[in-house]
Amino acid sequence: MSFFLAGFGLLLHILIWGAGLALLFTPRPWARFWPLFAAPAGLALQSAVVWWGALTHLAGTDSYAWLCEVIPVLSLVAGLRSRGWLTLIQLRADLGRVGAVWLMMVVTLNALLIPMTTASKVLTTSSLGSCDAADYAAGARVFQEFASNDRSGFIGLTEVVRVGSADNFFDFWTRLNHFTPSALVAFNDSIFGLAPHESISVMTAVFVSLTLPMVFWLARAGLRLGPAAAVAVALVYGVSPVLWYAVYHVAMAQLLAALAVALLTWCGLALWKSGAGWRRGWRLAGLLVVAYWLLLGAYNFILVVALVPAAAYAGGQTLVRQSWAQLGRWCVLMASPLVLAGIIFSGRVSGLVERFQLFQQYDFGWKIPAMTPEGWLGMVADERLHGYANWLRWVLGGAMVLVLGLSLMRSIMRRDRTVFAVVCFTVPILMGYGFLQLRGAKLGTNASYDAYKLLAVFYPGILGAMCYWLSLWRAKSVVLKGTVVALLATVLAFNFFAAWRFSKRMQSPPLMVDRWLVQLQGVERMERFSSFNMLANDGWSRLWANAFLLRRHQYFAVHTYEGRLNTELKGDWDLLCGVISIRLPEDGDAVPDYIDLSRPGPGAASKRKPSPGPGPQSGPLPFSLVNTKSDYFIRARMDEGWYDAEQIPRMGTRWRWTRGDAKIRIENPHAYPLKVAFRFNARGTVERDLQIWIGDRRLRTAKIGKELKVVSVASIEIPPGETLVELRSNLPALSPGGGDGRLLGFAAYGIELNVRPNEEVLEP
């Protein structure tokens, strides 16, 4: 299945699921615009089905998804009946009324999928750097294949998976982690015959497309921009680097939360403007339940601030007009659907306190540059969201603020109350954004990551408010109209350029689920492999291996995301993936003690094409298994002096640069010494010596340059316990130039430890 077929199939499937509920829940004053609410309704209904399935003992969505396809049919019949059986002409008119929004959805989804098709010929998942995709995939497998009472394999391995009150992996996903994104992936994969690693990236792009109707509606009905202006806001949203950053880091829950907050904000404004009457209020209850359901399932902790724009609007109006009775009704009508959703979704509500406790324990995320007004409109310099040079930032940001201020002053003079909505959509959130950025800078934490998340979740409203200058198009002045056109063209040009930068980068993504990861599905099906020590060198490989091996016990040496604690390594097999590989001698058993997973079977030729460089094995093996029960078993890991791993996913090539001198720690768990030969495949930025030492003994010195070179060390004796192998050089680490600010020694593309039989004589 192609990326485009999968993407548009998922999009249409979700919209069909939501059509009936949209007809039922859209209040009569806005009944003609019911298609805009199909996206959140479809997402909520599908996740509700999976939540119901999680409360039963059914064996995942694979066992019930197709039976549930009757639900959208029944809801559509009920919706049509509630509207007096709309004719085909009426339906076509309703759908055509927002035809420009459908076009924006198609354009956005196409643009997001194009780089994925370039990066891979088959459906797969890729990322700019975040490993969230693998986490979502593990959750999707849980809901797709396992029953709620299944404790087999990794699911019930309490010592590893315990998080707070959740003592198994299934409960962890229903109570504490991002339930709804994984539930949606599981349900739709069961319908389309896909696996999570095939659909995660596509589904993330679909989430952005599904948000556009609410972006349009919030700008049109919430900020009272004209239809064309609201479409322009939706277009900017669809190509904004603020959102593309989320898509290509696979921030699925964040994107769903943005959709839900947009719906919640509009409902709050609509309820207040209607006088918060009981009758009108209950008509909005259905859409409010949908919004709360999505928030509780995807980003439950954001509920603490989700109502800030709407509450600021209602509270501010109350202070001005002294309408305290209306505020009381508004609060009751806004809170009642939340109570209902919370009762149904009680497991998610009860996990809120634990979620905030986890935030205090861990510094989640990474540092993200602070954005200024032009950045809030998508005008950033690169795919890492850095701003432009200071002078250009001042010019762009100043121009945006100036024109926005002009449009607000014009509305104030016309006594347009929409100005207050613009303030409520922006000021409280941007104050929080600034506070978190300053806190992160002061304490050296990743609070800027939280700041970005806050901005992105409220971005539909912030973007519409920041584009309020589009209202100047209504002015009679030709100068003002020309200013609007020029400004919109500028904003779109910068956003398209940023989108192009993202697209180019993702055509060769730094992280991808390649065939070496996918082959682990076959390993999971082999009964002789019952437990693994997950020693893959990088987090991406380790997390995806976890997702592909859920039916087996897994143990981790390092804390790898939530629900994967570091414990004693009790596995029968070490799963290796990285620069270091270990080979054990054959002992004649039916099952070898060392298995190269790039080979179809023991003794077969490798399916992997060697990386550039001398020798048949010039790079590390993609994955290998080492028997921990073998008499020749050893472990090795990189110690001090190394940068993080880098890779070319499609080639299976990995390497790590040293910071200068570096160390490798070898562990011999036996009571007797072992003979180990070394093989290094390395290069430098300049010609330098590579010296290999153990203690005060130099084992080998070799010249390496810019080309890969294999350096071998004959068998040496490794005593019981831990041994440090030091890699030294006659030159210090040097800057490679080209914008890389690191100081680099040499790059190891493969370090092979070959354990020799005890009968072999040590070479001098």
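For segment 481-495, the set of residues classified as farther than 15 Å from A234 by Cβ and surrounded by fewer than 19 Cβ atoms within 10 Å (Cβ to Cβ) consists of K481, G482, V485, A486, A489, T490, A493, listed by residue number. Within segment 55-72, being loosely packed, with under 13 Cβ neighbours inside 10 Å, aliphatic (A, V, I, L, M) and either modelled with pLDDT of 95 or more or touching a strand residue (DSSP E or B) at 6+ places or on another chain (Cβ under 7 Å) (or both) holds for L67, V70. On inspection, S182 fails the criterion of being within 30 Å of A260 (Cβ to Cβ), among the hydroxyl-bearing types (S, T, Y) and not in a helix (DSSP H, G or I). When the residues of segment 718-741 are filtered to those that are in contact with a strand residue (DSSP E or B) (Cβ under 6 Å, 6 or more places away or on another chain) and among the acidic types (D, E), the one that is surrounded by the most Cβ atoms within 10 Å (Cβ to Cβ) is E726. Checked against (1) surrounded by fewer than 19 Cβ atoms within 10 Å (Cβ to Cβ); (2) within 27 Å of L225 (Cβ to Cβ); (3) modelled with pLDDT of 90 or more, G375 passes all but a single condition, namely (1). Just one of the listed residues (R220, R224, R175) is at pLDDT below 95 and under 30 Å from V419 (Cβ atoms), and it is R224.
Within segment 323-336, residues that are within 17 Å of G286 (Cβ to Cβ) and surrounded by fewer than 18 Cβ atoms within 10 Å (Cβ to Cβ) sit with their Cβ atoms under 9 Å from residues that are at pLDDT below 95 and not small (G, A, S), at 6+ positions apart or across chains, in these pairs: V332/W278; S336/W282.
Being crowded, with 20+ Cβ neighbours inside 10 Å and either touching an Asp or Glu at 6+ places or on another chain (Cβ under 8 Å) or without any contact (Cβ under 8 Å) to a residue 60 or more places away in the chain (or both) holds for only one residue in L295, L352, L358, and it is L295. Taking the criterion of being surrounded by 22 or more Cβ atoms within 10 Å (Cβ to Cβ) and of a type in the set (F, W, Y), the residues of segment 420-474 that qualify are F425, Y433, Y452, F458, Y459, Y468, W469.
Here is a yes/no grid of residues against (1) under 16 Å from L358 (Cα atoms); (2) in contact (Cβ under 8 Å) with a residue 12 or more places away in the chain; (3) basic (K, R); (4) assigned by TED's automatic domain parsing to the domain that holds A246:
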{"position": "D132", "(1), (2), (3), (4)": "no, yes, no, yes"}
{"position": "D135", "(1), (2), (3), (4)": "no, yes, no, yes"}
{"position": "G139", "(1), (2), (3), (4)": "no, yes, no, yes"}
{"position": "F143", "(1), (2), (3), (4)": "no, yes, no, yes"}
{"position": "F154", "(1), (2), (3), (4)": "no, yes, no, yes"}
{"position": "T158", "(1), (2), (3), (4)": "no, no, no, yes"}
{"position": "V163", "(1), (2), (3), (4)": "yes, yes, no, yes"}
{"position": "F169", "(1), (2), (3), (4)": "no, yes, no, yes"}
{"position": "F172", "(1), (2), (3), (4)": "yes, yes, no, yes"}
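Among the residues in segment 642-662, are any farther than 30 Å from D514 by Cα, in contact (Cβ under 8 Å) with a residue 40 or more places away in the chain, in the same structural domain as L575 (by TED's automatic domain parsing) and touching a strand residue (DSSP E or B) at 6+ places or on another chain (Cβ under 8 Å)? There is at least one residue in segment 642-662 that is farther than 30 Å from D514 by Cα, in contact (Cβ under 8 Å) with a residue 40 or more places away in the chain, in the same structural domain as L575 (by TED's automatic domain parsing) and touching a strand residue (DSSP E or B) at 6+ places or on another chain (Cβ under 8 Å). Filtered by the rule that a residue be small (G, A, S), surrounded by fewer than 24 Cβ atoms within 10 Å (Cβ to Cβ) and touching an Asp or Glu at 6+ places or on another chain (Cβ under 9 Å), segment 114-154 gives S120, S148, G153. Of the residues making up segment 664-681, those that are surrounded by 17 or more Cβ atoms within 10 Å (Cβ to Cβ) and more than 33 Å from the chain's Cα centre (by Cα) are I666, N668, L674, K675, V676, A677, F678, R679, F680, N681. Can you say whether A671 is assigned by TED's automatic domain parsing to the domain that holds A748, more than 30 Å from L128 (Cβ to Cβ) and assigned to a strand (DSSP E or B), as far as the supplied structure shows? When the stated conditions are applied, A671 does not pass them. Taken together, the criteria exclude A39 from residues that are at pLDDT 95 or above and under 22 Å from S148 (Cα atoms).
Checking each residue in segment 161-176 for being assigned to a strand (DSSP E or B) and within 23 Å of W52 (Cβ to Cβ) picks out only A166.
State whether the residues of segment 303-310 include one that is in contact (Cβ under 8 Å) with a residue 24 or more places away in the chain, under 31 Å from the mean Cα position of the chain (by Cα) and not in a helix (DSSP H, G or I). The answer is yes, given that some residue of segment 303-310 is in contact (Cβ under 8 Å) with a residue 24 or more places away in the chain, under 31 Å from the mean Cα position of the chain (by Cα) and not in a helix (DSSP H, G or I).
The values are calculated or read from the model by the stated rules, or taken from the named source; none is laboratory data. All figures in this text were calculated on a predicted structure; none of them were measured in a lab. Cβ sites come from the backbone with ideal geometry, for glycine too, and all protein chains shown count toward neighbours.
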